[in-house]
Amino acid sequence: MVNPAVPGAVRKAAAIIRRGGVVAFPTETVYGVGVDGFSAAAVERLFGIKGRPAAKAIILHLAALQWLQAVSRPVPEVAWTLARSFWPGPLTLVVPRAPAVPAVVGAGGQTVAVRCPAHPLALELIGAVGRAVAATSANRSGRPSPVEASQVVAELDGLVEAVVDGGRTGIGLESTIVDLTASPPVVLRPGGVPVEQLRAFLPDLQVRRVPPGTPDGRLVVVEGEAEPVGAEVVRRARALLAAGRRVAVLATAENLERYDELGGVTARLLGSRGDLEGMARSLFTVLRDLEQVEADVVLAEGLPEAGLGLAINDRLRRAAREVVQVP
Ligand code: TXA
Ligand code: MG
């Protein structure tokens, strides 16, 4: 564990990356685990550590906007515009990959994803490395992304050379990914930057909605406004309880009492619908804690598709076996 308050500690972590090693570090979204973005061997090692499918490309993390020209060619004009407006920050741009960037970073394709994280320790680390750092969320493939150093250690202990401890991350879910090589441009993953803010620059921006990502799981998401979602969750919970199933609920504060009244369900608070930022911050920790809850079915409240609600729904969908939408 690297304590960044110790003078020279972050430089030492950067030296590990420079000589081909693997370091986990905080960003403003979630913890990342990174290697030298120009070393194919180091990036391949990173795939191995995470157990990541070879087809899933990795994001290059930059310390400054100007680094874009070292990793993308030709840089789309709109990429500069978006970078100037949102970097450093939770926006990832998919752009044409420069020949100098190893193909493995882009999973063999012609594109590369890039972002400049808004976290002082990430910027210090990448700046000290002196070139782009290929980094991915610091979890084993398919697991919730870590938002504190202890969770990184639980996931990757013994597999990485160092973990820079920056406390809890601010946003709690990952960056928004926009593919600028598609026409029209498309959001591949909603995240820290709300899609509405991007439409000011990209009026024809499309959004890809993910299908349920964990078919063999036990999570069912019910998306919509508080009242109809609460009613649908209660209806489903009653039916499941009557059939002798053990039921847990991921609840918003607005509906928590309704579930307590049911009796016999384990309820966990996701947060308040009036505070989407707070909900985003706690989402992955709640999903992690949920692993310890004994239940046959977990009914999770999803949200209306606006602002950060889009990103929260997306993460719940990826963890879910079924998605239900109510008006
Ligand atoms: O906030 C974040 O983006 C965090 C922090 C650590 O920076 N990183 C992160 O990385 O979430 P990861 O590897 O867990 O997720 C990256 C996503 C994957 O879904 C991957 O398929 C997509 O980005 N991706 C990466 N390169 C791509 C490319 N060239 N084209 C399309 N999608 C890409
Ligand atoms: Mg990830």
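Among the criteria (1) under 14 Å from the mean Cα position of the chain (by Cα); (2) modelled with pLDDT under 95, the one Ile171 does not fulfil is (2). Screening Arg84, Arg73, Arg19, Arg11 for residues that are touching a strand residue (DSSP E or B) at 6+ places or on another chain (Cβ under 7 Å) and open to solvent by 10 Å² or more (accessible area, probe 1.4 Å) leaves exactly one candidate, Arg73.
Every residue, every condition in (1) modelled with pLDDT of 95 or more; (2) within 29 Å of Asp165 (Cα to Cα), yes or no:
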site	(1), (2)
Ser39	yes, yes
Ala54	no, yes
Ala57	yes, yes
Gln69	yes, no
Thr81	yes, no
Arg84	yes, yes
Leu91	yes, yes
Pro96	yes, no
Val101	yes, yes
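Return the only residue of Gly127, Gly89 being touching a residue at least 24 places away in the same chain (Cβ under 8 Å) and within 15 Å of ligand 1 (Cβ to nearest atom).
Working: Gly127 fails: within 15 Å of ligand 1 (Cβ to nearest atom).
Just one listed residue meets the conditions, Gly89.
Just a yes or no: is a residue in region 157-167 at pLDDT 95 or above, within 11 Å of ligand 1 (Cβ to nearest atom) and either under 18 Å from the mean Cα position of the chain (by Cα) or more than 23 Å from Val6 (Cα to Cα) (or both)? Spell out the reasoning first.
Taking region 157-167 first, the residues at pLDDT 95 or above are 159-167.
Still in the list and also within 11 Å of ligand 1 (Cβ to nearest atom): none.
Within region 157-167 (the criterion being at pLDDT 95 or above, within 11 Å of ligand 1 (Cβ to nearest atom) and either under 18 Å from the mean Cα position of the chain (by Cα) or more than 23 Å from Val6 (Cα to Cα) (or both)), the answer is no, since none of the residues qualifies.
Whether a residue is over 24 Å from Gln110 (Cβ atoms) and open to solvent by 10 Å² or more (accessible area, probe 1.4 Å) was assessed, and Gly166 passes this test.
Whether any residue in region 199-211 is of a type in the set (Phe, Trp, Tyr), away from ligand 1 (no atom under 16 Å from the Cβ) and farther than 30 Å from Arg84 by Cα is what I want to check. Within region 199-211 (the criterion being of a type in the set (Phe, Trp, Tyr), away from ligand 1 (no atom under 16 Å from the Cβ) and farther than 30 Å from Arg84 by Cα), the answer is no, since none of the residues qualifies.
In region 268-279, what residues are open to solvent by 30 Å² or more (accessible area, probe 1.4 Å), without any contact (Cβ under 8 Å) to a residue 24 or more places away in the chain and either of a type in the set (Ser, Thr, Tyr) or touching a helix residue (DSSP H, G or I) at 6+ places or on another chain (Cβ under 8 Å) (or both)? Listed by number, the residues that qualify are Leu269, Ser272.
Taken over region 257-293, the residue count meeting the criterion of being in a helix (DSSP H, G or I), modelled with pLDDT of 95 or more and over 18 Å from the mean Cα position of the chain (by Cα) is 3. Inside region 97-128, residues that are crowded, with 23+ Cβ neighbours inside 10 Å, more than 16 Å from ligand 2 (Cβ to nearest atom) and closer than 17 Å to Gly21 by Cβ make up a count of 2.
Pro144 meets all of the listed conditions (1) over 26 Å from Arg315 (Cβ atoms); (2) open to solvent by 10 Å² or more (accessible area, probe 1.4 Å) but one, namely (1). Among the residues making up region 22-61, those that are more than 19 Å from the chain's Cα centre (by Cα) and surrounded by fewer than 17 Cβ atoms within 10 Å (Cβ to Cβ) are Ala40, Ala41, Glu44, Arg45, Gly48.
The values are calculated or read from the model by the stated rules, or taken from the named source; none is laboratory data. Everything quoted here is computed from the prediction, not taken from an experiment. So basically every Cβ, Gly included, is an ideal-geometry build from the backbone, and we count neighbours across all protein chains shown. Remember, those area values only see protein heavy atoms, side chains included, never the ligands or the DNA or RNA. Shrake-Rupley method; radii C 1.70, N 1.55, O 1.52, S 1.80 Å.
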